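The values are calculated or read from the model by the stated rules, or taken from the named source; none is laboratory data. As the structure is a prediction and not an experimental result, all values here were calculated from the model. Neighbour counts are summed over all protein chains in view; Cβ atoms, including those assigned to glycine, are modelled from backbone coordinates with ideal geometry.
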Amino acid sequence: MEIKSIALRNFALFKHLELSLAPTPQNPSNITVFVGNNGTGKTSILKALTVSLSWFIARLSTEKGHGSHIAETDILNGTNSATIDVKICDSLQASAYPDDTATDNDFHWRIAKARKGRKAESTSQLTDCTCLASYYRNALSQNDQVSLPLIVFYPVERVVLDIPLKIRTKHTFLQLDGYDNSLSQGVDFRRFFEWFREREDAENESGISEDVLHQLKPLAETNQDVWQLLNELKASTKDRQLTAVRTAIRRFMPHLDNLRVRRQPRLYMAVDKNGETLNVAQLSQGEKSLMALVGDIARRLAMLNPALENPLTGDGIVLIDEVDLHLHPSWQRSLCDRLLETFPNCQFILTTHSPLVISDCKNILVYTLTNGEIQELPSQYGQDVNTVLLDVMDTSIRDPEFDAKLSDLLDAIQDSNLSQAHQLLTELTAEPTNQNNLELVKARLLLRKQELRHASHS
Ligand SMILES: Nc1ncnc2c1ncn2[C@@H]1O[C@H](COP(=O)(O)OP(=O)(O)OP(=O)(O)O)[C@@H](O)[C@H]1O
Ligand SMILES: [Mg+2]
């Protein structure tokens, strides 16, 4: 399943906005990124998509299910009603009946909302949404191993990671639970922990737990055959869904390995970092948020694709607001490539403030937003970060005051106004942070050259 395009009318700050999402013929990757200053409407676009997609999830559960409505505060001020249109492409029905040329892969639905006491310009049209959901329900009724598309939104508030210390209740997880809170809060670490423990319990019942293997190691290693047999037995009983989660986390964070639930001395989630075992709560904020994000996508994919040998190849739509949140520049740089590599069949719609996210990935579709207007950007692949900052994010690389003084200094040198140049250079280098500034080092050399030239002329 994939969103092809979205059209907004009178939604948040947009009077009228229409755009296609990647993959497009020019941008064949599965990633669309929105960049723009604060308050330019990036989150609003993601919010509009969640409203639309919530209806599909609701109708997948029950025939007449209700998704979420456009909030009255999201209707453009001074207008009476708002609409959100989405075009979705899905090949489930076409793949079930390959000979039926009448089957269409495209589905279009509209969500509309008028202010209280006002007349709506348009009404919601959900026939295609109901129809698409019923295809999936029919398929599920015939075969309960059918794959369902992942649909999930990670809002900015996802950073608060509540790691539960005690879990009293035991939950049973069904396939449709892959959509639990998927559009409202994104990462649900409590559920993640519960789910992980449940799968691991099942894994340990049918095989050998990590801890037992660890305890047996000194004894069994004296006999290579026994050791090999134990390891093979462990590998053959590994849970496919847990393996997917562990693999995804390892791809993003190769220094973290062997995520597991420890039961002694109390229940907690442990992970190995550079050979040392840590409680997940001890990880840094960046590590925790990336692990939770990647782990959550992988867990939901695993739940929704019970029959896939590698659940990470499941398909779906993932919306992430401010994807660069808490991430170290080197992680931001590789983020898009890793998302594509790890989840090859998911469509990602991201927002960011970081030039690094868009400067290092080929074929992604980048939109920049300004004052309710949208513009598609040429590829930023290979551009250095300063150029992206200047061109796309409309930001000066340096502090504007520093910039102005530097430019005066260069003018003074050029005009041979040596005493003024000296004074400006002294002022600029007085700041401790500027002492080794490359531009100032260059300016000092230029000034020295100019002084020598003057001395030789006089
Ligand atoms: N009903 C409305 N009518 C008019 N303008 C609105 C309405 N609702 C929101 N806005 C405008 O839309 C902006 C909110 O946009 P949004 O939260 O999508 O920005 P953003 O690009 O995600 O910003 P940030 O980078 O700060 O997260 C607000 O700044 C506000 O000016
Ligand atoms: Mg925002």
Can you name every residue in region 68-77 that is away from ligand 2 (no atom under 16 Å from the Cβ) and in contact with a strand residue (DSSP E or B) (Cβ under 8 Å, 6 or more places away or on another chain)?
His69, Ile70, Glu72, Ile75, Leu76
Taking the criterion of being modelled with pLDDT of 90 or more, touching a Lys or Arg at 6+ places or on another chain (Cβ under 8 Å) and farther than 30 Å from Ala302 by Cα, would at least one residue in region 344-364 satisfy it?
no
Out of the residues in region 53-82 that are over 26 Å from the mean Cα position of the chain (by Cα), within 23 Å of Ile3 (Cβ to Cβ) and surrounded by 15 or more Cβ atoms within 10 Å (Cβ to Cβ), which is farthest from ligand 1 (Cβ to nearest atom)?
Gly65
How about region 193-207: which of its residues are buried (at least 16 other Cβ atoms within 10 Å of the Cβ) and hydrophobic (A, V, I, L, M, F, W, C)?
Phe193, Trp195, Phe196
Every residue in region 13-50 that is more than 11 Å from ligand 1 (Cβ to nearest atom), in contact with a Phe, Trp or Tyr (Cβ under 9 Å, 6 or more places away or on another chain) and of a type in the set (A, V, I, L, M), please.
Leu17, Leu19, Ala22, Ile31, Val33, Leu49
For region 7-30, which residues satisfy the criterion of being assigned to a strand (DSSP E or B) and either buried (at least 20 other Cβ atoms within 10 Å of the Cβ) or not hydrophobic (A, V, I, L, M, F, W, C) (or both)?
Leu8, Arg9, Asn10, Phe11, Phe14, Lys15, His16, Leu17, Glu18, Ser20
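This table checks each residue for (1) within 16 Å of ligand 2 (Cβ to nearest atom); (2) in a helix (DSSP H, G or I); (3) at pLDDT below 95; (4) more than 19 Å from Leu377 (Cα to Cα).
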residue: Thr32; (1), (2), (3), (4): yes, no, no, no
residue: Thr40; (1), (2), (3), (4): yes, no, yes, no
residue: Ser44; (1), (2), (3), (4): yes, yes, no, yes
residue: Leu53; (1), (2), (3), (4): no, yes, no, yes
residue: Ile57; (1), (2), (3), (4): no, yes, no, yes
residue: Lys64; (1), (2), (3), (4): no, no, yes, yes
residue: Ile84; (1), (2), (3), (4): no, no, no, yes
